[in-house]
Amino acid sequence: MASGLIGTNISVLTNGMSGCDQSTVESLADDPTDSPFDADDCLKVRKYWCFLLSSIFTFLAGLLIVLLWRAFAFICCRKEPDLGPNDPKQKEQKASRNKQEFEGTFMTEAKDWAGELISGQTTTGRILVVLVFILSIASLIIYFVDASSEEVERCQKWSNNITQQIDLAFNIFFMVYFFIRFIAASDKLWFMLEMYSFVDYFTIPPSFVSIYLDRTWIGLRFLRALRLMTVPDILQYLNVLKTSSSIRLAQLVSIFISVWLTAAGIIHLLENSGDPLDFNNAHRLSYWTCVYFLIVTMSTVGYGDVYCETVLGRTFLVFFLLVGLAMFASSIPEIIELVGSGNKYGGELKREHGK
């Protein structure tokens, strides 16, 4: 089933990208020095929709395959009427049942293997979970570098784009991990709708589109910051967190930071892109300026030195503040309380040897 998912996604992406004319990029990439192109010339023809469509097509194709598989399983696995011992179709029915039992056993074993691999309960599982987290943070750091030094959309040959090459290598690993998680999932449909699945949809396919277009788009790569929410689980696997208060503290801090960095990425993308369809009111802000802006805004200080100028940026900020202010008001006091007042019964006892 996983191989079918891969094949369908590749074909859908190929068809979807046919509308993204590469001649536009080639006309902008005639400079023999392969130096970065002028941002204004590059952004005359926007191709962000190619990257977005690749993610949307991937999600819809995977969802369609899961639904078709469920429909096929429902039709084929209905209880067949019992046949008499002398019926000539008895042997065919028995052979079909044996085949289904074999396939069911194989899928069960594959599911158990994948589930054990990603559970973190074994040494191999812990190594894999930690490796996924480390590479997610590395991919997020690459995003920080690109968001701090590049335009939102930039024309550059992929062979000369070192950060995109490294990010592609990471995304290939994430794609393999995605299919391992897919095999291990008990409910495939629910898995397709999980938060971390959407992180993969909007970060993995665009890296392959960059190769085809010789163009990079910052896009939604900031979603990798949501992986910071797995820090408490990883620290528990490594036996670093052992008390309930320390686990709760790690959960609050990781959720706060991940939401903060993700929202800053959205503001950075919307402000630097400008309002559609002409994109003529782009507001140049660095990613770290957006991080500063959000923390000042969430804390209700609001110095007024940084603000949103685009309609999309202001609209997002209004809705985010409804969530951000509530999160800030509830999380910060609890974090301070957990840090300032430890549980007197929450520590560990160490036996000291007598003299």
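The values are calculated or read from the model by the stated rules, or taken from the named source; none is laboratory data. These figures come from a predicted structure and were not determined experimentally. Quick reminder, even Gly has a Cβ in these numbers, built from the backbone with ideal geometry, and neighbours come from all protein chains shown.
Annotations for the structure displayed:
- Residue check: T203 meets all listed conditions (1) touching a residue at least 12 places away in the same chain (Cβ under 8 Å); (2) under 20 Å from L131 (Cα atoms); (3) surrounded by fewer than 20 Cβ atoms within 10 Å (Cβ to Cβ) but one, namely (3).
- Single residue of the stretch 208-243 satisfying the filter (aromatic (F, W, Y) and more than 18 Å from I166 (Cβ to Cβ)) that is modelled with the highest pLDDT: Y212
- In the set F182, F222, only one residue is among the hydrophobic types (A, V, I, L, M, F, W, C), in the same structural domain as T122 (by TED's automatic domain parsing), buried (at least 22 other Cβ atoms within 10 Å of the Cβ) and in contact with a helix residue (DSSP H, G or I) (Cβ under 9 Å, 6 or more places away or on another chain); that residue is F222.
- Residues in the stretch 296-322 that are at pLDDT below 85 and within 28 Å of the chain's Cα centre (by Cα): M298, S299.
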